[in-house]
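First comes the structure, then the notes that go with it.
Just so it is clear, none of the values below were taken in a lab; they were calculated from the coordinates. Note that the structure is a prediction, hence the values are computed from the model and not measured. Neighbour counts are summed over all protein chains in view; Cβ atoms, including those assigned to glycine, are modelled from backbone coordinates with ideal geometry.
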Amino acid sequence: MLGAIEAGGTKFVCAVGDMGFNVIEQIEIPTTTPVETMKKVQGFFQRFDIQALGVGAFGPADINPNSTNYGCITTTPKVAWQHFNILSSLKEHLDVPMVFDTDVNIAALGEAKFGAAQDVDSCIYMTVGTGIGVGAVNNGKMLQGISHPEMGHIMVRRHPEDSFEGVCPFHQDCLEGLAAGPAIEKRWNEKAVLLKERTEVWEIEGYYIAQALMTYILTLSPERIILGGGVMKQRQVLPVIYKHLQAMNNHYLAFPQLEDQIADYIVTPGIEGLSAIKGAFYLAKAELGEGSSR
Ligand code: ADP
Ligand code: ZN
């Protein structure tokens with residue numbers, strides 16, 4: 001049996017699955033304090049006999065297996081979780097091999113292995129939710145350097161009609177500061193889910209996401225782009241993203257993926273809601289010696 005955790009800023013999704021990566025049981029635990037949340041997480045896994053565990057967490061996080069802080073959430077704006085080591089906490093009660101990475105990296109891996117990017121060798125997964133995070137997978141491996149990439153915090157050019165100051169506590173008007181869910185809600189003073197009919201909202205949102213994708217395409221050249229997270233449930237933003245991206249590209253990159261095939265290139269998740277969980281299962285199984293994916 002395999003274990004998976006998607007540790008998010010609002011909830012922890014915990015799941016157990018079989019060796020064929022099928023979910024057997026899954027629960028959601030609210031992200032409150034580390035002590036309270038981790039106690040419930042431990043309680044869930046104690047009911048099963050798992051052989052390995054894959055964990056994907058919100059970042060920034062220490063994902064270097066050789067680091068003494070491996071498994072640690074680092075400079076998160078969520079104060080209670082700053083420098084909290086999720087893996088060490090899990091190891092107190094669970095003696096199985098564990099792998100730790102970011103939520104978006106394992107979501108990208110999940111989509112590459114089981115979802116919308118199975119037919120290509122490289123993809124990126126972008127979540128637009130409470131924050132913006134991007135994971136990149138190339139030939140089954142997550143892109144990693146000193147740490148994981150932090151592509152949600154790139155700088156963007158402002159939309160001419162947008163005077164919103166931005167909400168990123170570190171950079172103010174970076175991509176996340178201008179385009180994540182909390183930015184939309186503060187700019188328009190309304191729940192994002194209630195803004196569906198307001199075309200000006202999605203015009204600005206699509207402009208920022210398109211700029212980000214333009215940068216990722218120019219720098220990484222991914223073969224597929226998957227857009228997930230709560231904000232992307234507003235599917236009407238997709239054509240706006242396509243329109244702006246094509247205008248920005250101006251036929252410079254002359255790939256069909258940026259022309260008539262754009263709707264097959266920039267897509268929503270193939271296994272929506274399970275991208276990270278299945279990626280975590282995959283990593284857990286690989287950790288058992290079935291071939292490492294990192
Ligand atoms: P998390 O980032 O914690 O994993 P989500 O991806 O659901 O969770 O992100 C939550 C954010 O996404 C909130 O800021 C909310 O405004 C926005 N959001 C959630 N659902 C929707 C929706 N259906 N339409 C628009 N925005 C949404
Ligand atoms: Zn930022």
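Where does the Debye-calculated log10 I(q)/I(0) of segment 116-267 sit at q = 0.08, 0.09, 0.11, 0.18 Å⁻¹, using only Cα point scatterers of equal weight, no solvent? Debye intensities relative to I(0), on a log10 scale: -0.21, -0.26, -0.40, -1.09.
Of all the options 241, 146, 266, the one that moves most in a Gaussian network model of the chain with Cα springs shorter than 10 angstrom is 146. Dipole magnitude for the chain: about 340 debye, using +1 per Lys or Arg Cβ and -1 per Asp or Glu Cβ, origin at the Cα centre. The residue list 108, 31, 54 was ranked by how far each Cα lies along the charge dipole of segment 27-157 toward its positive end, using unit charges on Cβ atoms, and 31 comes out on top. What residue among 188, 202, 81 shows peak mean-square fluctuation when the chain is described by a Gaussian network model with Cα springs under 10 Å? The residue that fluctuates most here is 188. Under a model in which nothing but the beta-carbon of Lys, Arg (+1) and Asp, Glu (-1) is charged, segment 142-278 shows a dipole of about 220 debye around its Cα centre.
Arrange 1, 38 by Cβ neighbour counts within 10 Å, fewest through most, would you?
Going from least to most buried by this count: 1, 38.
Seen from a random direction on average, the alpha-carbon convex hull of the chain projects onto 14.7 square nanometres.
Rank these for me by crowding, 245, 288, going from fewest to most other beta carbons within 10 Å. Numbers along the way, then the final one.
On the way: 245 23, 288 13.
Going from sparsest to densest Cβ surroundings: 288, 245.
Note on the chain: GNM, Cα springs under 10 Å; of 23, 134, 193, the largest mean-square fluctuation is that of 193.
In square nanometres, what is one fourth of the surface area of the convex hull spanned by the alpha carbons of segment 39-160?
Working: hull surface 39.1 nm².
With the hull built on Cα positions only, its mean projection is 9.8 nm².
Counting only DSSP beta bridges whose two residues both lie in the chain, roughly 60 percent are antiparallel. By the helix-only formula, in which each DSSP H run with n ≥ 4 contributes -39500 (n - 2.57) and the sum is divided by residues, the chain has a 222 nm mean residue ellipticity of -9500 deg cm²/dmol.
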